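Asker: My questions all concern the structure below.
Every number in this text was worked out from the coordinates using simple rules, so none of it is lab data. Predicted model only: the values in this text are computed from it and were never measured. FYI the Cβ positions are ideal-geometry reconstructions off the backbone, even for glycines, and counts take in every protein chain you see.
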Amino acid sequence: MEQTARRGPLQWTVLVPIMAMVVLVVTWASHEHPAVLVTISAFLVGAIFAAVHHAEVVALRVGEPFGSLILAVAVTVIEVGLIVMLMVGGGPNAATYARDTVFAAVMITLNGIVGLSLLFGALRHRTVSFNASGSGSALATVVALAGVCLILPRFTVSEEGPRYSAAQLAFAAVASLVLYGAFVFTQTVRHRDFFLPVLPEKADPDTPVPEDRHAEPPSVREAWLSLALLLAALVSVVGLAKLLAPTIESSIGVLGLPYAMVGVVIALLVLAPESLAALNNARRDRVQICLNLAYGSAMASIGLTIPVIAIAIIWLPGPLALGLEPMQIVLLTISVIVSTLTLAQGRAVALQGVVHLVLLGTFIFLSAVP
């Protein structure tokens, strides 16, 4: 992490999350006026940048890989809240909202965050290095979660359509928690060294792994303050995004685009803090941290969302369709194959970043024009 000067209580990163929360509360009941929507958009962007700052402060205090884990889990927990709130509203598309949003989050993390990090890091440092063992195990967990929760419901026959029965959904929820818990234990306890930054390819083997030598760890008080402000910023991001969702939905309807595009747009907004944090780490040649963020977010998007939705569906109206459409399955399969090839050698060049970004562009385009 870069050195950040100690500032007073009027620092913008302190004020923006608080003011964003105020805007969220004040505009919750009424936010149709164009000027109000512009204000909401401005504070949404500000809250995103503030979230990145406070996530880095917390990560600097607790160290890696815990810092990446905190941001991934925090964003995903609030993303679950957003999905549940939108599903409560019902409507003809509520059954597939969780699937579309989770799948969008997985595609954005596997191809967007990874692609931007590899491209940005390689353009700056020619090649980037990472631990193939740690990143490979993370990708394997993501693939297993996606297979159990998003692909198999398309092929089961207990329920009509791409849905699990109650017993199948309960099993998928338990399996998700087991996979996610096992990975977190591996990442933070058993093989923590697999997820720490590695030396650049041409570096002297006796050179220690570069750490943030110019950044003093924040005090415990500062870390707790940043954690609270991080949560406030993330709540603001998701809440303000929800307020903008009707405008996004109506705009998408006017443009004649599929409803699934709402999930894509919301996922892009919710994952913006992690994307910016990954770019900051790529600039410092810490691509391993970028991969931790990307795969950790994809994992948490499935492994935490599905169990909560499995419980919430007891009270939510209507069915829950989790099975991906055939085109989505093909896109996910291609992304997994490309990701496997990317991680195989533990280093990458700019081309691999371009390949992932083209896959992300393909996903977004085909979501708009299926």
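Asker: Find the percent of Cα-Cα distances in the chain that exceed 41 Å, and round it to a whole number. Present the calculation step by step, with values, prior to reporting the outcome.
Answerer: Details: 6585 of 68265 pairs.
Every Cα pair in the chain considered, those over 41 Å come to 10 percent.
Asker: Now for a separate question. Where the only charges are on Cβ atoms (+1 Lys, Arg; -1 Asp, Glu), what is the dipole of segment 12-368 about its Cα centre, to the nearest 20 debye? Could the numbers behind the result be given before it?
Answerer: Working: 16 positive and 19 negative charges, 47 e Å.
In total the dipole reaches around 220 debye.
Asker: Quick one: what Rg and Dmax do you get for segment 136-190 from the alpha carbons, in Å?
Answerer: Here Rg and the maximum Cα pair distance are 12.9, 42 Å.
Asker: Per residue and in Å³, how big is the convex hull formed by the alpha-carbon atoms of segment 214-253? Please report the intermediate quantities before stating the final value.
Answerer: Working: hull volume 2.5 nm³, N = 40.
Expressed per residue, the convex hull around the Cα atoms of segment 214-253 is 62 Å³.
Asker: Which order results if 48, 40 are arranged by neighbouring Cβ count within 10 Å, fewest first?
Answerer: On the way: 48 25, 40 21.
Ranking 48, 40 by Cβ neighbours within 10 Å, fewest first, gives 40, 48.
Asker: Calculate, for residue 25 and residue 333, the FRET efficiency according to 1/(1 + (r/R0)^6) with r their C-beta to C-beta distance and R0 35 Å; round to the nearest 0.05. Each step should come with its number before you reach the end.
Answerer: Details: r = 44 Å, r/R0 = 1.24.
For R0 = 35 Å, the calculated efficiency reads 0.20.
Asker: Same structure again: Taking 0.36 nm per residue of sequence separation and subtracting the Cα-Cα distance, how much length would be gained by fully extending the chain between residue 345 and residue 123, in nm to one decimal?
Answerer: Stretched fully, the residue 345-residue 123 segment lengthens by 78.1 nm.
Asker: Mind telling me which of 356, 191, 54 comes out most flexible in a GNM of the chain, alpha-carbon contacts under 10 Å?
Answerer: The residue that fluctuates most here is 191.
Asker: Could you check which residue among 227, 44, 341 shows the biggest mean-square fluctuation in a GNM of the chain with a 10 Å Cα cutoff?
Answerer: Judging by the Gaussian network model, the answer is 341.
Asker: Can you compute 3J(HN,Hα) from phi for each residue in segment 146-162, using the Karplus curve 6.51 cos²θ - 1.76 cosθ + 1.60 with θ = phi - 60°, rounded to whole Hz and x for Gly and Pro?
Answerer: Ordered by residue, 3J(HN,Hα) equals 5, x, 5, 9, 10, 9, 4, x, 6, 10, 6, 10, 5, 10, 6, x, x Hz.
Asker: Using label points projected 7 Å from each Cα along Cα→Cβ, tell me how many nm separate residue 156 and residue 228, to one decimal.
Answerer: Distance between the two pseudo-spin positions: 4.3 nm.
Asker: Among 288, 345, 11, which one shows the highest mean-square fluctuation when the chain is modelled as a Gaussian network with alpha-carbon springs under 10 Å?
Answerer: Maximum among the listed residues: 11.
Asker: Here is a further query. Could you list 193, 100 in order of exposure, starting from the residue whose Cβ has the fewest other Cβ atoms within 10 Å?
Answerer: On the way: 193 12, 100 25.
Ascending number of Cβ neighbours within 10 Å: 193, 100.
Asker: Using alpha-carbon pairs under 8 Å, 6+ residues apart, how would you state the relative contact order of the chain in percent?
Answerer: Numbers: 535 pairs, mean separation 143.3, N = 370.
Relative CO of the chain lands at 39 percent.
Asker: Please arrange 27, 342, 76 by how many other C-beta atoms lie within 10 Å of their C-beta, fewest to most. Walk me through the numbers before you get to the answer.
Answerer: On the way: 27 19, 342 23, 76 27.
By the 10 Å Cβ count, ascending, the order reads 27, 342, 76.
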